[in-house]
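Engineer: The structure follows.
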Amino acid sequence: MTLNKLMRDFFEEYTEAIVIIDDKDETTYVNKAFVQLTGYTLEEFKAFSLRTLLEVKVNYTNILSDKNYRWEGGLKCKDGTDLWMRISISPFHFEDKSEGKIYHLSANPTQEQLKSLLKESETRFTILADATPVMIWMTDESNLTYYFNQTWLEFTGSKLEDEIGTGWFKNVHPDDRSIFSEIKKLLTDNINYSCEYRLKRHDDVYRHILEIGTPRFLADGSFGGYMGSCLDITEMKTAQIELANQTKELQRSNEELEQFAYVASHDLQEPLRTVNSYVQLVKKRIETQRTDGLEEFMEYAVDGVNRMQGLINDLLQYSRVNRKGSPFATVDMNEVLKIVVAHLANKIAENKAQVEFSNLPILQGDSFQLIRLCQNLIENALKFKAEETIPIIKIAAEEKGEFWQFSIKDNGIGIDQKFYNRIFVIFQRLHARTDYEGTGIGLAVCKKIVERHGGEIWVESEVGKGCTFYFTIKKQLKAL
């Protein structure tokens with residue numbers, strides 16, 4: 001199975017690569033152009049199957065029926081590079097009449113140019129992607145991530161090999177991972193999506209991320225995976241929260257103005273009317289030179305003045321909760337309760353009451369206002385005690401996400417459910433002054449103090465079975 005000299009000389013001068021194999025698929029000849037193209041000598045090339053290097057399936061039926069067979073494909077060279085080739089295969093007859101096949105390989109300039117342009121495009125994409133401040137990623141058709149730009153890697157402080165596949169998922173906040181279960185349903189339909197979640201930065205701080213994913217489709221229309229971008233929106237989220245807080249504070253201020261208007265037109269007017277009525281009676285008695293009842297009338301007038309003064313003082317205290325509050329600092333609530341119990345020592349002793357607390361948290365807040373808060377609630381428990389019952393007041397706290405939730409439970413007379421909201425409005429009383437002293441502002445002050453600390457206050461009760469006042473304090477919050 002040899003070539004005659006004339007044919008060998010012709011193939012050696014031929015400018016494109018020639019490979020000849022015998023009927024056993026063994027390579028018998030490669031020309032000089034093939035050696036230059038692939039880097040393989042005949043002896044080296046004999047160790048390979050040309051079909052393996054070309055990675056194609058050839059229809060030998062066409063060849064055996066004396067039909068040429070042509071295609072385009074990649075050829076792996078000795079140095080590991082790939083060349084895109086136009087390849088044809090035809091039957092070949094040796095001098096001894098045995099049959100073989102001849103491969104004709106020529107580089108496809110158009111395809112090579114396209115490969116070069118593709119490589120250049122990929123290079124440009126990588127340079128641009130790494131330069132952008134937005135985090136960019138790509139997935140394959142199985143939606144496993146195989147690419148992250150430099151911005152992502154710098155943000156997470158991770159290496160590419162640690163992030164590919166599903167490795168990146170470890171940096172997502174545990175509370176936000178369920179979001180991706182919903183997104184997974186969208187991926188099966190190959191549609192655009194957007195979502196927000198928290199991602200751990202290289203300094204172990206979680207940041208708010210806005211992610212947008214877009215499906216990619218190949219030239220033949222098949223799904224190629226997703227390409228997405230991630231933007232750190234923490235500052236925007238913070239601004240939104242601050243705006244929401246300001247809006248809430250503005251709404252609260254408007255409600256307070258409405259309450260002040262009501263107070264000015266009603267609560268503050270009532271003792272003034274009382275004083276005016278009795279002063280008029282005193283005036284008439286003096287005009288008629290009658291002295292009977294003057295002392296009683298004056299006592300009523302003085303009582304009205306005192307009530308007026310009390311209302312004004314309480315109103316000033318209420319208005320100063322935000323304006324005159326101290327900066328937040330570290331506060332041990334166990335120490336706060338010790339101070340409150342000391343302040344109320346006489347009332348506690350008079351009522352033979354029991355005040356129980358332990359293992360309360362250390363938090364950030366205004367210690368003076370927190371003392372006022374707890375003292376008001378405990379005073380209420382002592383004031384509204386059940387007859388012939390020793391007051392038992394229990395204070396406890398537990399963690400609730402971003403908050404500490406406190407409870408102050410008593411065994412007093414309780415509150416009807418229909419009054420739950422009313423009791424936190426200034427000067428709203430449920431009992432006559434002759435039954436229970438006070439101006440009705442204590443719980444309104446408590447509500448304002450709790451709101452300044454980023455929390456809420458509410459009550460749960462059953463008439464005759466005591467009350468439990470709950471309030472929350474946010475763990476991390478700037479003073480309002």
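The values are calculated or read from the model by the stated rules, or taken from the named source; none is laboratory data. Everything numeric here is computed off the predicted structure, so don't read it as measured data. Please note: Cβ atoms are built from the backbone with ideal geometry, for glycine as well, and neighbour counts cover all protein chains shown.
Engineer: If you check Tyr40 against the conditions, is it surrounded by 13 or more Cβ atoms within 10 Å (Cβ to Cβ), within 60 Å of the chain's Cα centre (by Cα) and not in a helix (DSSP H, G or I)?
Structural biologist: On the way: surrounded by 13 or more Cβ atoms within 10 Å (Cβ to Cβ): yes; within 60 Å of the chain's Cα centre (by Cα): yes; not in a helix (DSSP H, G or I): yes.
In short, yes.
Engineer: List pairs: first in region 352-367 and assigned by TED's automatic domain parsing to the domain that holds Pro391, second polar (S, T, N, Q) and not in a strand (DSSP E or B), Cβ under 8 Å, 6+ apart or cross-chain?
Structural biologist: Qualifying pairs under 8 Å: Phe357/Asn334; Ser358/Asn334; Asn359/Asn334; Leu360/Asn334; Gln364/Gln476; Asp366/Ser326; Ser367/Ser326.
Engineer: For the structure I just gave you, tell me whether Glu182 is among the acidic types (Asp, Glu) and under 20 Å from the mean Cα position of the chain (by Cα). Outline the logic, then answer.
Structural biologist: On the way: among the acidic types (Asp, Glu): yes; under 20 Å from the mean Cα position of the chain (by Cα): yes.
Yes; evaluated as a whole, the condition is true for this residue.
Engineer: Next question. Where in region 315-425 are there helices (runs of 4 or more DSSP H), lying fully within it, with 2 or more residues that are in contact with a strand residue (DSSP E or B) (Cβ under 7 Å, 6 or more places away or on another chain)? Outline the logic, then answer.
Structural biologist: Values: elements: 333-343, 345-350, 367-383.
Passing ranges, in order: 333-343, 367-383.
Engineer: Applying the selection to region 215-230, what residues are surrounded by 15 or more Cβ atoms within 10 Å (Cβ to Cβ) and aliphatic (A, V, I, L, M)?
Structural biologist: Met227
Engineer: Kindly indicate whether any position in region 189-198 is β-branched (Val, Ile, Thr), within 16 Å of Ile212 (Cα to Cα) and buried (at least 16 other Cβ atoms within 10 Å of the Cβ). Spell out how you get there, then give the answer.
Structural biologist: Quick first cut of region 189-198, residues β-branched (Val, Ile, Thr) only: 191.
This time we only want the ones that are within 16 Å of Ile212 (Cα to Cα), so: 191.
Remaining after also requiring buried (at least 16 other Cβ atoms within 10 Å of the Cβ): none.
No: region 189-198 contains no residue that is β-branched (Val, Ile, Thr), within 16 Å of Ile212 (Cα to Cα) and buried (at least 16 other Cβ atoms within 10 Å of the Cβ).
Engineer: Residues in region 260-272: is at least one surrounded by 11 or more Cβ atoms within 10 Å (Cβ to Cβ), outside the structural domain of Leu443 (by TED's automatic domain parsing) and modelled with pLDDT of 70 or more?
Structural biologist: Yes, the conditions are met somewhere in region 260-272.
Engineer: Let me ask something else about it. Please determine, by comparing only the residues of region 162-188 that are in contact with a helix residue (DSSP H, G or I) (Cβ under 8 Å, 6 or more places away or on another chain) and loosely packed, with under 15 Cβ neighbours inside 10 Å, which one is farthest from Ser222 (Cα to Cα).
Structural biologist: Arg177
A quick yes/no check of all residues on (1) out of contact with any Gly (no Cβ under 9 Å at 6 or more places or on another chain); (2) at pLDDT below 90:
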site: Leu315; (1), (2): yes, yes
site: Ser319; (1), (2): yes, yes
site: Lys324; (1), (2): yes, yes
site: Phe328; (1), (2): no, yes
site: Val331; (1), (2): no, no
site: Asn334; (1), (2): yes, no
site: Asn346; (1), (2): yes, yes
site: Val355; (1), (2): yes, no
site: Ser358; (1), (2): yes, yes
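Engineer: With the requirement that a residue be in a loop (DSSP other than H, G, I, E, B), at pLDDT below 75 and of a type in the set (D, E, K, R), what does region 59-91 give you?
Structural biologist: Within region 59-91, the subset in a loop (DSSP other than H, G, I, E, B) is 59, 65-68, 77-81.
Narrowing further to those that are at pLDDT below 75: 59, 65-68.
Asp66, Lys67 - these are the residues of region 59-91 that are in a loop (DSSP other than H, G, I, E, B), at pLDDT below 75 and of a type in the set (D, E, K, R).
Engineer: What pairs can you find where one residue is in region 449-461 and farther than 20 Å from Lys418 by Cβ, the other is part of a strand (DSSP E or B) and among the basic types (Lys, Arg), and their Cβ atoms are less than 7 Å apart, with a gap of 6+ or different chains?
Structural biologist: His453/Lys474; Gly454/Lys474; Gly455/Lys474
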